[in-house]
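Trainee: One structure, as structure tokens, below. Some questions next.
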Amino acid sequence: MTPSPPLQRFARDQLPVMPWKNGGGSTREIACWPPGAGLDDFGWRISIASIAAPGPFSVFAGVDRHIVLLDGGGVRLQSPDGAIDHRLDTPGQPFAFSGDAAVHCTLLGGASTDFNVMARRGQWQAELHVLEQAGAIAPAPHGLLLALGGAWRLGHDRSVLHTGEGLRWSGAMQPVDVQPESPGARLLAVRLHSP
């Protein structure tokens, strides 16, 4: 298998769409590790999901999950035991929960689009942050930047990410300074490393 380039740019609207089997939505996979891994053997997986109907989330035993509302009316996440009861209705605010939980999703309005990170517990740990001002992204073996709004200039080569554009990496990366280019800009940063 050919290794992925260390740095890869992507655009949210150009990612391939995979409809869910239950017809309740679709997924755009951004990256997974190892490359080509399936839903049963990934170490980590990053994707964007469009949720069009209420229904259960898939259970992923031994996986820690993070979800961020990107746009739309949002959803309410509930588990039968009451341990999870969360309104995901504010864009750009990460919510973490266990993939072991049987979670049911209810739409709060129309369809919504969510950013998802899943990390195999004990193998990988994910950190999610939403930046609204200049900062530095610490090195990590794997990671991703996604411009949620506005434009962001990256310090390593002075390139710019516009809304919906992102950059992902595999392999060691130096710290990267990020600078918003417009008022109200927001940048989602994901770092993945061994616990």
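Trainee: Under the 0.36 nm per residue contour assumption, what length would be gained going from the current alpha-carbon distance of Glu29 and Ser159 to full extension?
Mentor: Between Glu29 and Ser159, full extension yields 44.4 nm more.
Trainee: OK, next. Cut-off is 10 Å between beta-carbons; in what order do Val117, Val190 appear when sorted fewest neighbours first?
Mentor: Listed from fewest to most nearby Cβ atoms, that is Val117, Val190.
Trainee: What number, in percent, do you get for the relative contact order of the chain if the mean sequence gap of Cα pairs under 8 Å and at least 6 apart is divided by its residue count?
Mentor: Computed value for the chain: 22 percent relative contact order.
Trainee: I've got another one for you. For the range 125-193, calculate the relative contact order in percent as a whole number, restricting contacts to Cα pairs under 8 Å that are 6 or more residues apart.
Mentor: Relative contact order, the range 125-193: 52 percent.
Trainee: Something else about it: Find out how many positive minus negative residues lie around Leu161, taking Lys and Arg as positive, Asp and Glu as negative, among other residues whose Cβ is under 9 Å from that of Leu161.
Mentor: It works out to a net charge of +1.
Trainee: Under 5 Å between amide hydrogens, which residues at least 5 positions from Gly43 or on another chain qualify, with H placed 1.01 Å from N in the peptide plane?
Mentor: Here Trp33 satisfy the definition.
Bear in mind these aren't lab numbers, they're just calculated from the coordinates by the rules spelled out. Not measured: the values here are computed from a predicted model. Note that each Cβ is placed from the backbone with ideal geometry, even for glycine, and that neighbours are counted across all protein chains shown.
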